[in-house]
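Input: a single structure, listed below in structure tokens.
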Amino acid sequence: MRVTRRRLRVGAALLVTGALVLSGCDSTGTEAAPSPSASPTPSRTFTAGAPGAGDAYFPSYGNGGYDVARYAVKVRYDPAKDHLTGTTTVQATATADLSTFNLDLAGLTVTAVTVDGAPATHRRERNELVIKPASGLVNGNGFVAEITYEGVPKPLRNETLGEGGFLHTPDGAIALGQPESASTWYPVNDHPSDKATYDFEVTVPDGLTAVSNGVPGGKASKDGWTTWKWSEKSPMASYLSTLVIGQFRITTATHRGKPVYSAVAIAANGSADSSIAETTEVADYLETVFGPYPFDAYGGVVVSDNRISYALETQSRPVYSAGFFRQGVNTEVVAHELAHQWFGDSVSLGRWEDIWLNEGFATYAEWLWAEHTRKSTAKAAFDSRYAGASAKLWKTPPGKPGAKELFSESVYQRGGMTLHALRMSVGDKAFFQIVRAWAAEKHNGTATTAEFVALAERVSGKQLDALFDAWLYGTQRPALPRRL
Ligand code: TRP
Ligand code: ZN
């Protein structure tokens, strides 16, 4: 589902196909009216859906011409054979008159595709699955595609950003990664601008645990295989989906009426368990700053594999490298990943260049948590970086870092400093009102930097373009902000 960008995208798609007058527009001509009863007419022109969502940094990610509402992903994985079989159902709405449409799928072999129950033809073009339904899909109409596939899943390699996606581990698997990973284990519109709800059913040999996002739906065993169900009912960007299979220490609880489900790899040390056990306490603190926790479940997964050296804010249940806890209890990283549940997961990117909206907020949350736990203060974090930061920090603009610098120090540290600079400019009261209004107004949606600047100006009543220009887009150290 698309929230804020839908109007724009639909308009653009119509112009491209030249079908403006034929495609069920309302009288303003800018929005496709849902027209469930519309049927193909000879005057309609059906064209191929775009193979990319149009992201400036990653043009091939995602696809055009439709909007997914829900995925049902059913996979069976046999770690002994490193073999996966799957059936994924994609429930979507056409946003253009489509002769064909694409899903992203890396590797794997597609054995059958149906659209609305009828067999569809399909072909592969590298990591694109091109589907041709028996008849064209009409703009505004819903459709259901079912894809059956199998094979040995492989991760994707990005030249500068490293590996992402499905990794086979000695006792299972870890599917994880940003900015892309989902297409290594299910066919997907793999761009965060198209959020959807998810139901997962994962079948693994008895004795192994399979953890994914959202609310646990229980497990059932049959003929030596156990099927685990997970359900994420809040819209989720595809890179925030995860699947972790292996042997774990499991903790379950209920917190404020919501399930808590955490899994720590048996190879991780006890500090990992102690740190993950603080999840609900950290979330409760962040709730006092950002507003209500946005999802239906809590948890964390700790993996122990030397190829995973990071943490990722997978929705409702972040995944952490065991390395974060090797030196002892570490709640800073927990605060970072949980802050992403508000900023990154609930309020999502419509385009990757706005990544500071995720990482700047998560970094700032670490500083706030450190202040709350009396380790240091947000002011001290800002001051030390302002005084001592490397030249690179000032050269790379966090608001437009470039694809190669997506996860650079500037995006994280200068991104966090941008928020503190805003706080210095508008004062504490307006600053925390801005942060809460951002979380509330963009809840379950997608957002841009321009929208954040506009909201900050509206809530504070101050003109802030000079401040954001310097902090987000400047290529030298900005002057210290003064109270406006
Ligand atoms: N977004 C993650 C975090 O800050 C970190 C991250 C950066 C990452 N690049 C990644 C995670 C690549 C997985 C893959 O919490
Ligand atoms: Zn982060």
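The values are calculated or read from the model by the stated rules, or taken from the named source; none is laboratory data. This one's a predicted model, so the numbers in the text were calculated from it and none came from an experiment. Note that each Cβ is placed from the backbone with ideal geometry, even for glycine, and that neighbours are counted across all protein chains shown.
Taken over segment 290-313, residues that are under 16 Å from the mean Cα position of the chain (by Cα), in contact (Cβ under 8 Å) with a residue 60 or more places away in the chain and within 14 Å of ligand 1 (Cβ to nearest atom) amount to 2. Taking W230 and the conditions (1) free of Cβ contacts under 8 Å to residues at least 40 places away in the same chain; (2) surrounded by fewer than 19 Cβ atoms within 10 Å (Cβ to Cβ); (3) closer than 22 Å to K74 by Cα, which numbered condition does it fall short on, given that it satisfies the others? All conditions are met except number (2).
One residue stands out among those in segment 379-407 that are of a type in the set (K, R) and under 13 Å from A421 (Cβ atoms): the one that is farthest from ligand 2 (Cβ to nearest atom), which is K379. Looking at segment 315-332, can you tell me whether even one residue there is within 16 Å of ligand 1 (Cβ to nearest atom), touching a Leu at 6+ places or on another chain (Cβ under 7 Å) and not aliphatic (A, V, I, L, M)? Taking every residue of segment 315-332 in turn, at least one turns out to be within 16 Å of ligand 1 (Cβ to nearest atom), touching a Leu at 6+ places or on another chain (Cβ under 7 Å) and not aliphatic (A, V, I, L, M). Taken over segment 246-260, the criterion of being among the small types (G, A, S) and surrounded by fewer than 15 Cβ atoms within 10 Å (Cβ to Cβ) is satisfied by A253, G257. Screening G399 with (1) of a type in the set (G, A, S); (2) in a loop (DSSP other than H, G, I, E, B); (3) exposed (fewer than 15 other Cβ atoms within 10 Å of the Cβ) gives one miss only, at (3).
When you look at S376, is it hydroxyl-bearing (S, T, Y) and over 25 Å from the mean Cα position of the chain (by Cα), yes or no?
Details: hydroxyl-bearing (S, T, Y): yes; over 25 Å from the mean Cα position of the chain (by Cα): yes.
So S376 passes the test.
Screening segment 340-370 for residues that are aromatic (F, W, Y) and away from ligand 1 (no atom under 12 Å from the Cβ) and picking the one that is surrounded by the fewest Cβ atoms within 10 Å (Cβ to Cβ) gives W369.
Restricting segment 456-468 to residues that are more than 11 Å from F431 (Cα to Cα) and of a type outside the set (D, E), the residue that is surrounded by the most Cβ atoms within 10 Å (Cβ to Cβ) is L467.
Within segment 173-203, the set of residues being surrounded by fewer than 24 Cβ atoms within 10 Å (Cβ to Cβ) and away from ligand 2 (no atom under 16 Å from the Cβ) comprises A196, T197, D199, E201, T203. For Q413, the conditions (1) away from ligand 2 (no atom under 16 Å from the Cβ); (2) touching a helix residue (DSSP H, G or I) at 6+ places or on another chain (Cβ under 9 Å) are fulfilled apart from (1). If a residue has to be under 24 Å from S43 (Cα atoms) and free of Cβ contacts under 8 Å to residues at least 40 places away in the same chain to count, how many in segment 83-120 make the cut? Qualifying residue count, segment 83-120: 4.
Quick one: would you say S376 is assigned by TED's automatic domain parsing to the domain that holds R414, away from ligand 2 (no atom under 14 Å from the Cβ) and of a type outside the set (V, I, T)?
yes
Checked against the criterion of being assigned to a loop (DSSP other than H, G, I, E, B) and away from ligand 1 (no atom under 12 Å from the Cβ), segment 421-438 contains one or more residues that satisfy it.
Rundown of residues vs (1) surrounded by 16 or more Cβ atoms within 10 Å (Cβ to Cβ); (2) more than 30 Å from R326 (Cβ to Cβ), yes/no style:
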{"site": "P170", "(1), (2)": "no, no"}
{"site": "T226", "(1), (2)": "yes, yes"}
{"site": "V244", "(1), (2)": "yes, no"}
{"site": "S262", "(1), (2)": "yes, no"}
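Entry remark, segment 411-465: residues being among the polar types (S, T, N, Q) and under 23 Å from S238 (Cβ atoms) number 4 in total.
Please state which one of V301, V289 is crowded, with 17+ Cβ neighbours inside 10 Å, over 14 Å from E337 (Cβ atoms) and either modelled with pLDDT of 95 or more or among the small types (G, A, S) (or both).
V289
Residues of segment 314-357 that are among the small types (G, A, S), in contact (Cβ under 8 Å) with a residue 40 or more places away in the chain and at negative phi: A322, A335, A339, S346, S348, G350.
Taking segment 140-165 as the range and being assigned to a strand (DSSP E or B), more than 16 Å from ligand 2 (Cβ to nearest atom) and without any contact (Cβ under 8 Å) to a residue 60 or more places away in the chain as the test, the residues that pass are V144, A145, E146, L156, R157, N158, G165. Residues in segment 343-373 that are among the aromatic types (F, W, Y) and within 12 Å of ligand 2 (Cβ to nearest atom) were compared, and the one that is farthest from the chain's Cα centre (by Cα) is Y364.
Each residue in segment 65-82 was checked for being closer than 19 Å to P119 by Cα and without any contact (Cβ under 8 Å) to a residue 24 or more places away in the chain, and 0 pass. Within segment 150-159, restricting attention to residues that are over 16 Å from Y61 (Cα atoms) and in contact with a helix residue (DSSP H, G or I) (Cβ under 9 Å, 6 or more places away or on another chain), the residue that is surrounded by the fewest Cβ atoms within 10 Å (Cβ to Cβ) is K154.
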